[in-house]
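The values are calculated or read from the model by the stated rules, or taken from the named source; none is laboratory data. Source: prediction; values computed, not measured. Cβ: placed from backbone, ideal geometry, glycine included. Neighbour counts: every protein chain shown. For the accessible areas, the whole protein counts, side chains as well, though only heavy atoms, and no ligand, DNA or RNA atoms are used. Shrake-Rupley method; radii C 1.70, N 1.55, O 1.52, S 1.80 Å.
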Amino acid sequence: MPLPVPVLPQGVDPAWLPPAAFRAVGGRRTVIRGSGPMAETVHGEVAQACRRFGGRVVRGAASDGACDLVLGLGDEGLGEEGLGEEGFTCAREGGTTTVTASGGRGLLYGLFHVVRLGEAAFTGGWTREPHRPALALRMLDHWDNVAVHPVMGQVERGYAGGSLFWEDGRARGDLERVRAYGRLLAACGINAVAVNNVNVHETEAHLLTDRIAEVAAIAEVLRPYGVRTHLSVSFAAPVMLGGLPTADPLDETVRGWWATATRRVYEAIPDFGGYVVKADSEGQPGPFAYGRTHADGANMLAAVLEPYGGTVHWRAFVYDHRQDWRDRTTDRARAAYDHFVPLDGEFAPNAVLQVKHGPMDFQVREPVSPLIGAMPRTRLAVELQVTQEYTGQQRHVCWLGPMWSEVLRFRQEPESSVGERARGGLVAVSNAGDDPFWTGHPLAQANLYTFGRLAWRPDAEPREVLDEWIGLTFPEASERLSDGVHAVLDGSWRTYEKYTAPLGVGWMVQPGHHYGPSVDGYEYSPWGTYHFADRDGIGVDRSVASGTGYAGQYAKPWAGLYESPDTCPDELLLFFHHVPYGHPLKSGKTVIQHIYDTHFEGVEEVEEAREVWASLAGLVDPVRHARVAERYEEQLRSAREWRDQINSYFFRKSGVPDERGRLIY
Ligand code: GCU
């Protein structure tokens, strides 16, 4: 039976799958070959499109000449090594477009490929093109709590309303919206979701055991879209849930407890993806309490998951969050490398070390984590943050495609980029919630889409991905609309960087919620997040020669380039060095003048973008237009606040006037 396409609740935005995106497919004659659950998903999609646009879809063997599109399961012509469960080929000959896949997910991805191409899928001709994801795991971590947390709320760092999965302390009874979410994820290539916060609180710990049925219900509706379900678990679960006196990973009763719990998980969810673990990190329990290593902890869980094909994602976000700010020898940026590099080669094959892309914590500008280049014998996953914690909290427009692309293309050693190193997959913290636009800011949908597509192809050109997103989201877009959307999104990350923390220094945010400026908010805190500004200069000396030695964690040539302020790239100067305000940048400006200039420019760029958006009224659906326009008012207010606080702070510290005599307070 064809699977019916999810029905969106009244008022919920269709995001990048509006009905009109299916016009080209829906007006044609399609044959679907093959069977299995995913063929039913594909059939349901095409059937709905045909009902709307007058085409026709049949199952089985109609002669090719009688149809425009064949979507078929089979190995024929896929070559010796095949394209795996997720790959497909696409060819067009004699007026017929043919998608062939050997696995169900490949068929679904093939369909969405055709949808993305639109009319171009049915024009001209081309020989068989192979498509397959570069990374097998393309995953979203939801930092969703089941019970509303007194400080963090329903979704930790969530800026898009409540949770898609959880409400009133339990899994939603109506999961139609989750089904629609799964469909959106499939359309951008995401194939795994962890459904609860990495900080596992009391209620959420029970999802692993007595509340696994709720997770199973979610898994059930995501499965037809090729999305596997994962769970964040507490390392202390044997104590919290099992009543054992210890969670020591080398203790036999502890292992036995996890083995039983895991068997029950797989009884409920046969294709369960595995566990995500935040251990010995920001107060979460871990193996250190028992004198064991992170490899001991991860391998214990890997062993119980292994018989079922599951994976443990063990996070490398381990650092001392109770640091004394007076202590200049401890450098948080060093922590992940110092903890994990000595363990390279010790992790089980199904233990994936999940590393944040930068050494600190998702700031608007960080160098690439040196850990990513330093563990060749470990399966690594790279973690990005789609939810805009430090990048405007979905009240500001900040399209992160260019930043992620820089990270993924970065080569610590010439032979491999970050995207190639991420053999364990690309993971991101989701920005979606139960908001009618899914992501609070309607334009933040572009971040979610871009993440999925970059996980499929880490070397993709982000602007081309944005073109795809625009084409799908605004299927009737005129050139003016498309240009306008590009104009507001393309440079928005750099604009955000300009009016916030300069030259890689980071952390000048309000403590706790992290929205808005506070230059000294984290300066005397225990979190290891300092800028060390005084009357003479600013920045953190992370050189080997005179600083914390962090620069030495990189391979050549980066260690050398970062080591000296003369060769360090401008945009990271204050991350690596403490320099005088008069220090000349490669741009020719001094550091202080750069701070002033970028802060004025950043605000001007927001003003311009707001005007561009205003000019698109009438070309965009009015509700969406109004939502974005309203957020621009807040972005502009906030950008001005950033500009004035940062400029005033550094003017007062340095006493150096702005060369151009602009108003500084
Ligand atoms: C950040 C964020 C936390 C989160 C943590 C993590 O520090 O502010 O809310 O728990 O990252 O990644 O675990």
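Taking the accessible area of segment 78-129, probe 1.4 Å, and keeping the other protein chains in place, the carbon and sulfur fraction comes to 47%.
In terms of accessible area, using a 1.4 Å probe and ignoring ligands and nucleic acids, S587, S518 rank largest first as S587, S518. Taking amide hydrogens as placed 1.01 Å from N in the peptide plane, the amide H of G392 sits under 5 Å from that of no residue at least 5 positions away in sequence or on another chain. Here, segment 246-359 yields an orientationally averaged convex hull projection of 7.9 nm² when only Cα atoms define the hull.
Segment A268..H149, full-extension length gain: 40.1 nm, with 0.36 nm per residue of separation and the alpha-carbon distance subtracted.
Starting from the Cα gyration tensor of the chain, multiply each eigenvalue by 5, take the square root, and state the resulting semi-axes largest first in whole Å.
41, 32, 23
Normalising by the residue count of segment 340-385, find the relative contact order in percent from Cα pairs under 8 Å and 6+ residues apart. It rounds to 49 percent for segment 340-385. The value obtained for segment 380-533, namely the Cα convex hull volume divided by the number of residues, is 139 Å³ per residue.
For segment 590-651, the C-alpha radius of gyration divided by 2.2 N^0.38 Å, with N the number of residues, is 1.37.
Put the Cα centre of segment 431-461 next to the Cα centre of segment 219-249 and the gap is 26 Å. For segment 537-550, putting each phi into the Karplus relation 6.51 cos²θ - 1.76 cosθ + 1.60 with θ = phi - 60° gives couplings of x, 8, x, 10, 7, 10, 6, 6, 5, 9, x, 7, x, 4 Hz, in residue order, rounded to whole numbers and with x for Gly and Pro. Calculated translational diffusion coefficient of segment 140-210 (4 °C, 1.567 mPa s; Stokes-Einstein with Kirkwood radius over alpha-carbon pairs) equals 102 µm²/s.
Please report the antiparallel percentage of the DSSP beta bridges confined to the chain, to the nearest 5. Bridges in the chain that DSSP calls antiparallel: roughly 30 percent. Based on Cα contacts under 8 Å between residues 6+ apart, segment 198-307 shows a relative contact order of 30 percent. Here the 3J(HN,Hα) profile of segment 360-368, calculated from phi with Karplus coefficients 6.51, -1.76 and 1.60 at θ = phi - 60°, is 9, 5, 6, 6, 5, 9, 9, x, 6 Hz, Gly and Pro shown as x. Placing one equal scatterer on every Cα of segment 478-620 and applying the Debye formula, the log10 ratio I(q)/I(0) at q = 0.09, 0.20 Å⁻¹ is -0.37, -1.18.
In this structure, the amide hydrogen of V429, modeled 1.01 Å from its nitrogen in the peptide plane, lies closer than 5 angstrom to those of D141, L384, Q385, V386, T387, counting only residues at least 5 positions away or on a different chain. If you bin all the Cα-Cα distances of segment 337-453 at 5 Å, starting from zero, the percentages per bin are 2, 12, 22, 22, 16, 12, 8, 5, 2, 0. Taking the square roots of 5 times each eigenvalue of the Cα gyration tensor of segment 139-295, largest first, gives ellipsoid semi-axes of 27, 17, 14 Å. Each of G55, F347, V114 was placed along the dipole of the chain (beta-carbon charges, centred on the mean Cα), and the one lying farthest toward the positive end is G55. Across the alpha-carbon atoms of segment 555-665, the computed radius of gyration and Dmax are 18.5, 53 angstrom. Averaging Cα coordinates gives a centre for segment 1-64 and one for segment 618-665; these two points are 46 Å apart. Dividing the Cα radius of gyration of segment 131-180 by its Kirkwood radius returns 1.11 for Rg/Rh.
For a modelled paramagnetic label at V341, 7 Å from Cα along Cα-to-Cβ, the residues of segment 367-382 in reach, with backbone nitrogen under 18 Å, are 367-381.
Specify the angular offset, from 0 to 90 degrees and rounded to the nearest 10, of the alpha carbon long axis of helix 176-188 from the longest principal axis of the alpha carbons in the chain. The helix 176-188 is inclined about 80 degrees to the chain. Compared with the dominant principal axis of the Cα atoms in the chain, helix 37-53 is inclined by about 80°. Amide H contacts of V155: N145, each under 5 Å away and 5 or more positions distant or on a separate chain (H built 1.01 Å from N in the peptide plane; Pro and chain starts excluded).
Figure note: F272, F600 ranked by solvent-accessible area, largest first, 1.4 Å probe, ligands and nucleic acids not counted: F600, F272.
Across the chain, the mean sequence separation of Cα contacts (distance under 8 Å, 6 or more residues apart), normalised by length, yields a relative contact order of 11 percent.
A dipole drawn for segment 31-144 from +1 and -1 charges on Cβ atoms has a positive end, and of H131, L71, S102 the residue lying farthest that way is L71. Against the criterion of solvent-accessible heavy-atom surface with a 1.4 angstrom probe, E202, E129 sort, most first, into E202, E129. Each residue of segment 616-629 is assigned a 3J(HN,Hα), and the resulting list reads 8, 4, x, 9, 10, 3, x, 5, 5, 4, 5, 4, 5, 4 Hz, derived from the Karplus form 6.51 cos²θ - 1.76 cosθ + 1.60 (θ = phi - 60°), x at Gly and Pro. Between E571 and R59, residue separation times 0.36 nm minus the direct Cα-Cα distance comes to 178.7 nm.
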